[in-house]
1. Give me the residue from segment 26-52 that is of a type in the set (Val, Ile, Thr) and part of a strand (DSSP E or B) and, out of that set, surrounded by the most Cβ atoms within 10 Å (Cβ to Cβ).
2. Condition first: of a type outside the set (A, V, I, L, M), more than 21 Å from residue 61 (Cβ to Cβ) and surrounded by 15 or more Cβ atoms within 10 Å (Cβ to Cβ). Now tell me which residues in segment 1-25 satisfy that.
3. Against the definition (within 25 Å of residue 40 (Cβ to Cβ) and surrounded by fewer than 23 Cβ atoms within 10 Å (Cβ to Cβ)), how does residue 76 come out, yes or no?
4. If you go through segment 60-72 one residue at a time, do you hit one that is more than 14 Å from residue 132 (Cβ to Cβ) and either open to solvent by less than 20 Å² (accessible area, probe 1.4 Å) or of a type in the set (A, V, I, L, M) (or both)?
5. List the residue pairs whose Cβ atoms are under 8 Å apart, where the first residue sits in segment 144-165 and is touching a residue at least 40 places away in the same chain (Cβ under 8 Å) and over 18 Å from residue 54 (Cα atoms), the second is open to solvent by 50 Å² or more (accessible area, probe 1.4 Å) and of a type in the set (Val, Ile, Thr), and the two are 6 or more positions apart or on different chains.
6. Take segment 80-110 and flag every residue that is among the hydrophobic types (A, V, I, L, M, F, W, C) and within 22 Å of residue 47 (Cβ to Cβ).
7. Provide a single number: the residues in segment 61-109 that are closer than 22 Å to residue 2 by Cα and assigned to a loop (DSSP other than H, G, I, E, B).
8. For segment 110-165, enumerate the residues that are open to solvent by 40 Å² or more (accessible area, probe 1.4 Å), in a strand (DSSP E or B) and either at pLDDT below 95 or hydroxyl-bearing (Ser, Thr, Tyr) (or both).
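The values are calculated or read from the model by the stated rules, or taken from the named source; none is laboratory data. All figures in this text were calculated on a predicted structure; none of them were measured in a lab. All Cβ positions, even for glycine, are placed from backbone atoms using ideal geometry, and neighbour counts span all protein chains on display. Ligands, DNA and RNA are excluded from the accessible area calculation, which covers all protein heavy atoms including side chains. Shrake-Rupley method; radii C 1.70, N 1.55, O 1.52, S 1.80 Å.
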Amino acid sequence: MNTPFGEIVVLLDDEPIENTAIEKERNDIFKDVLGCYRIVVDIQPDGKSHEIKCVIPDMQCNNRCPETGEDIECQSFFNEKGDKLSICVQAEIGYLPDGSRWSAKYDYDAAYLENGMSYKILETTRESRFVFGLAWIDQVVDEDGEWNLERENQTWFAADFTLDL
């Protein structure tokens, strides 16, 4: 799948893995997005640690930032043309000072990467389906450098697949 930031690649332990990309229809909340997909990866847990990555190996961006929400970890990328790409995973990450996870809702972890997002499969993970939400849009910054917040917010809503339920 190609985006304005480069080609999306899905990897399991740094090797390409089978996945299913499903295009999502636009609605009034994110009517201007240029691309909106769910990438589904099914794997059987084997009691070992693994990492499933959704990345753009040759990412063309000049800024990135986290945009978390309830039950999602989302990272957005911006390029010099004023485009924005958001990649979401369903997770709640974070650890307490004693090393325990602060949320027991999910039995896996997630990570923010320089060029995407990942699921961190733990030895105790039982979940077998992992979904990445992706959305991109153009013109979030105009030629004068002004933000168009109405457009900019659309990728977050489009990429958040927990709203699909």
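1. Among those residues, the one meeting the criterion is 52.
2. Matches in segment 1-25: 19, 24.
3. yes
4. Scanning segment 60-72, I find no residue that is more than 14 Å from residue 132 (Cβ to Cβ) and either open to solvent by less than 20 Å² (accessible area, probe 1.4 Å) or of a type in the set (A, V, I, L, M) (or both), so the answer is no.
5. The qualifying pairs are 154/29; 157/29.
6. Residues of segment 80-110 among the hydrophobic types (A, V, I, L, M, F, W, C): 85, 87-89, 91, 93, 96, 102, 104, 110.
Correct list: 89, 91, 93, 104, 110.
7. Summing the residues that are closer than 22 Å to residue 2 by Cα and assigned to a loop (DSSP other than H, G, I, E, B) in segment 61-109 gives 7.
8. 112, 141, 147
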